[in-house]
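Trainee: Got a structure here, written out as structure tokens. Questions coming.
The values are calculated or read from the model by the stated rules, or taken from the named source; none is laboratory data. All values reported here derive from a predicted model rather than from experimental measurement. Neighbour counts are summed over all protein chains in view; Cβ atoms, including those assigned to glycine, are modelled from backbone coordinates with ideal geometry. Each accessible area value is taken on the protein alone, full model and side chains, heavy atoms only, with ligands, DNA and RNA left out. Shrake-Rupley method; radii C 1.70, N 1.55, O 1.52, S 1.80 Å.
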Amino acid sequence: MSRYLFPAVITEEENGLYDVYFPDIPDCYTSGESLMDALYMAEDVLAFTLYTYERDNKTIPSPSGVHDIKCSKGSFVNIISCDTLEYQKRNNNKAVKKTLTIPEWLNELAVKADINFSQVLQEALKKKMNVT
């Protein structure tokens, strides 16, 4: 699964910053200079954290219900959504060299046809995995 919704607790501090933390996800917190900035940062840190969980095969906790979260005065709960696949596309675009084996006759035909092997492999993998 790559799309998630988690509740976040947002608190406006005396200095005007907004602190954000996710009660269900340890060590997942951020802040912003405005409410809009804090919400943007919250989506980014949530996507990064959950992507790391996916990559490391860690169990992703179930999100709490909004009404189950107690807030202190000056804080409120907001639902933050993220898509870890989109996060990966944005942040993990480093080229990775792969070695593959194909029959010589197919290689010769593809070279004569000026086929870009990397592009064909990327397109085939995206199609096979239903990724756009």
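Trainee: Placing unit charges on C-beta atoms (Lys and Arg positive, Asp and Glu negative, everything else neutral), compute the dipole magnitude of the chain about its Cα centre in debye, rounded to 20.
Mentor: On the way: 14 positive and 19 negative charges, 158 e Å.
The calculated dipole for the chain is roughly 760 debye.
Trainee: Still on this structure, I have one more. If you count only protein heavy atoms and use a 1.4 Å probe, how large is the accessible surface of Phe48, to the nearest 10 Å²?
Mentor: Looks like 100 Å² after rounding.
Trainee: OK, next. Once Rh is set to the Kirkwood radius over Cα pairs, what Stokes-Einstein translational diffusion coefficient, in µm²/s, holds for segment 46-107 at a temperature of 37 °C and a viscosity of 0.692 mPa s? Display every interim value, and only then the final one.
Mentor: Numbers: Rh = 15.8 Å.
Value of D from the Cα-based Kirkwood radius: 208 µm²/s.
Trainee: For the peptides 52-64, 108-120, 35-47, what is the packing order when you average, over each peptide's residues, the other Cβ atoms within 10 Å and list the highest mean first? Walk me through the numbers on the way to the answer.
Mentor: Values: 52-64: 11.8, 108-120: 10.2, 35-47: 18.1.
My ranking of the peptides, most packed first, is 35-47, 52-64, 108-120.
Trainee: Once the cut-off is 19 Å, how many percent of the Cα-Cα pairs in segment 79-132 end up in the long-distance tail? Walk me through the intermediate numbers first.
Mentor: On the way: 658 of 1431 pairs.
Everything past 19 Å amounts to 46 percent.
Trainee: With a 1.4 Å probe and every protein chain left in place, work out the accessible area per residue of the chain in Å², rounded to a whole number. Write down the numbers at each step before the final one.
Mentor: Numbers: 10010 Å² over 132 residues.
Computed with neighbouring chains in place, this is 76 Å² per residue.
Trainee: What net charge is computed for the residues neighbouring Cys82, neighbours being all others with C-beta under 12 Å from the C-beta of Cys82, Lys and Arg scored +1, Asp and Glu -1? Don't skip to the end; give the middle numbers.
Mentor: Details: positive: Arg3, Arg90; negative: Glu43, Asp44, Glu54, Asp83, Glu86.
After counting each charged neighbour, the total is -3.
Trainee: Another question, if that's okay. Looking at the calculated P(r) for the chain, what percent of the C-alpha pair distances fall above 25 Å? Don't skip to the answer; put the middle values down first.
Mentor: Values: 3855 of 8646 pairs.
The calculated P(r) of the chain puts 45 percent of pairs beyond 25 Å.
Trainee: When the Karplus curve 6.51 cos²θ - 1.76 cosθ + 1.60 is applied with θ = phi - 60°, which whole-Hz ³J(HN,Hα) does each residue of segment 21-28 get, with x for Gly and Pro?
Mentor: Whole-Hz 3J(HN,Hα) from phi for segment 21-28: 9, 10, x, 8, 10, x, 6, 10.
Trainee: Separate question: Select from Thr99, Leu35, Leu109 the residue farthest towards the positive end of the dipole of the chain; place +1 on Cβ of Lys and Arg, -1 on Cβ of Asp and Glu, and compute about the Cα centre.
Mentor: Of the listed residues, the answer is Leu109.
Trainee: Kindly write out, for segment 115-132 in residue order, the coupling ³J(HN,Hα) from the Karplus curve 6.51 cos²θ - 1.76 cosθ + 1.60 (θ = phi - 60°), rounded to whole Hz, with x marking Gly and Pro.
Mentor: Each residue of segment 115-132 in turn: 7, 8, 4, 4, 5, 4, 5, 4, 4, 5, 5, 4, 5, 4, 9, 6, 10, 9 Hz.
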